[in-house]
Amino acid sequence: MWRTSRWRRCGSILAGKRIKCSGQTPACSGSSAVVRHRRAADRVQWSDIGGQRIERNDQTLEVSGKGVGRLEILLLRHGKTQGNLERRYVGRTDEPLLASAAAELARSEYRDFGPELVCASPMLRCRQTAEILFPECRLVICGGLRETDFGAFEYKTYGDLKDNPAYQAWIDSGGTAAASGGESGMDFRMRCRRAFLACLRRAEMRGAQKIAFVTHGGVIMAVMEAFARPRADFYSWHLPNGSAYRVCAMKGDSTWFLENL
């Protein structure tokens, strides 16, 4: 189970104090971090992440090869949009932040995080969030960090869909099946994890010690389910808009894993 004593969501909404990192984080060296995003991403295959093999293993991506790295990471969900306010399924809809959300982000404690690299979803709501929080930082757009494609359920509410048998079947699957005409939950999770690893390798290559990810709630949930220790299920990692996990990413002999700061 998720232990709140070990893990803490940071931000003015959920925490009264800023969580600080203790100690220095040594720079890491690494190789190129380019990933081709494939719909068949959850099959065992060779990727372009440093020429290393990435496999599916109990919903976790494993990176072969030795080496020890340590990175300080902020995994931040974008600010609120109109669709979020109305509790809609917002995936491929490219809507902007609410004015009130932009104003709240301008006062956010995350402005002081000081990342050396910012990796963001290409969606407007994420790019706007990144530009408000980290205007002086280099912004890298990563297509693999985009939200899932909800297919026929896109921008609809529970009230719109509750009598739809296809929607009920999707809910019964725990969101792992494909939404009608959309992306399957498992394809989505594996795609997000591959993109996350690609960004870590990019940070290593540049010697960056602090990285901010500005992305979507589902993307963060997919990453945390795979790499956070202790483990917890996908839905345990839900975050409100504008909130984040601040974690330390460490690289063991076979995989990256995330620990709370």
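Points to keep in mind about this one:
- Within a straight-line Cα-Cα reach of under 19 Å, K210 can be paired with the following aspartates and glutamates, leaving aside sequence neighbours fewer than 8 residues apart in one chain: E72, E109, D112, E116, E131, E136, E259.
- Relative contact order, whole percent, for segment 159-261 stands at 16, derived from Cα pairs under 8 Å and 6 or more residues apart.
- Across segment 150-203, C-alpha contacts under 8 Å between residues 6 or more apart give a mean separation that, scaled by the residue count, equals a relative contact order of 33 percent.
- Take S121: with every protein chain present and a 1.4 Å probe, its accessible area is about 0 Å².
- Rg(Cα)/(2.2 N^0.38 Å) for segment 119-261, N = residue count: 1.11
- Between the listed residues A169, I141, L124, the Cα displaced farthest toward the positive end of the dipole of segment 107-246, a dipole computed from Cβ unit charges relative to the Cα centre, is found at I141.
- Relative contact order, whole percent, for segment 66-201 stands at 23, derived from Cα pairs under 8 Å and 6 or more residues apart.
- Label-to-label distance, D172 versus L261, with points set 7 angstrom from Cα along the beta-carbon direction: 4.4 nm.
- FRET efficiency, 1/(1 + (r/R0)^6) with R0 25 Å, evaluated for D112 and T157 via beta carbons: 0.10
- Ellipsoid semi-axes in whole angstrom, largest first, where each is sqrt(5λ) of the Cα gyration tensor of segment 198-261: 20, 15, 10
The values are calculated or read from the model by the stated rules, or taken from the named source; none is laboratory data. Quick caveat: nothing in here was measured; it's all calculated off a predicted structure. Because the Cβ atoms are built from the backbone with ideal geometry, glycine has one as well, and the counts that use them run over all protein chains shown. All accessible areas refer to the heavy atoms of the entire protein, side chains included, with ligands and DNA or RNA removed. Shrake-Rupley method; radii C 1.70, N 1.55, O 1.52, S 1.80 Å.
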